[in-house]
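Structure first, then comments.
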Amino acid sequence: MSGSSEPGRSTASRIVALLDAFTREQPAPSLSEISRSSGLAVATTHRLLAELVQSGILQRRADSRYQVGLKLWQIGALAPGYRDLRTLALPFMEDLYAATRQNVQLAVRDDNKALYLEKLSGAGSVSSITEVAGRLPLHATGVGKVILAFSEPELLDRIIEEGLTRYTSHTMTDPKILARSLKQVRTTQLGYSREEMTVGAASVAAPIFGPDMGLEGSLAVVVPSSTSLPHLASAVRTAANGITRQLTQ
């Protein structure tokens, strides 16, 4: 690709800015939307998009909108840490799904969000907004509370400073209440969310640790909010511990 024609911005930084325009909420933006999101001129955006389409990184649809191409997906799938974690976790997730017939989810930390690597569900599973490669807040989800509880204290300080968004009437938005909840998570190694992200849904999550016993991810089952969560806790924690054993062998 050609060099940067805009002072202060390298070609790489401009391409990253273009790719940042593709989000879960807007997976197929238009030329003008990408230009506006990236802060690049329309002509520059059009030229770079054409090069990305030619290389297979992006695809141009019949309606002139752009979407992620197969090559970018293939490159992303090569990320070793996430790929290995998903591979090791999948058999345990399948067993958990067979036992519950509800949503089984695997998440990792992505900055100040929970990034979902895998999700198993069926026709009888409770409705969930979680999607693979989607990101959800830490303070309102079971997997997120596990991530918060076993991450550095500065992460909690940061999300509190950014503001604890209320998603339902049950969302924890009081920093003191959230901090007490996370203390309990560290003690029990179980994180709960009861209609805090979605009305009608609840979850129980457990941590997955790596060889150095640092947090690698979080495993959860999402069920109807009327379900008794404690009776699921043992199964979720057992599955998470099984994944930990695989990672630490």
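The values are calculated or read from the model by the stated rules, or taken from the named source; none is laboratory data. Computed from a predicted structure; not experimentally measured. Because the Cβ atoms are built from the backbone with ideal geometry, glycine has one as well, and the counts that use them run over all protein chains shown. Accessible surface areas use protein heavy atoms only, side chains included; no ligands, DNA or RNA. Shrake-Rupley method; radii C 1.70, N 1.55, O 1.52, S 1.80 Å.
Below are the figures for this structure:
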quantity: Per residue accessible area of region 102-173, 1.4 Å probe, in Å²; calculated: 42 Å²
quantity: Theoretical FRET efficiency, 1/(1+(r/R0)^6), r = Cβ-Cβ of residue 213 and residue 180, R0 30 Å, to 0.05; calculated: 0.80
quantity: Ratio of Rg to Rh over region 102-249 (Cα coordinates, Kirkwood Rh, two decimals); calculated: 0.93
quantity: Choice from 222, 126, 204 showing the highest fluctuation, given a GNM over the chain with Cα pairs closer than 10 Å; calculated: 126
quantity: Accessible area (Å², 1.4 Å probe, nearest 10) - residue 115; calculated: 30 Å²
quantity: Dipole axis of the chain (+1 Lys, Arg; -1 Asp, Glu on Cβ), positive-most option in 155, 37, 53; calculated: 53
quantity: Distant alpha-carbon pairs in region 8-69 (separation over 17 angstrom), percent; calculated: 28 percent
quantity: Accessible area (Å², 1.4 Å probe, nearest 10) - residue 20; calculated: 100 Å²
quantity: Fraction of accessible area attributable to carbon and sulfur, the chain (%, probe 1.4 Å); calculated: 54 percent
quantity: Of the DSSP H helices in the chain, those whose Cα atoms cover at least 18 Å axially and whose Kyte score averages 0.0 or more; calculated: 42-55
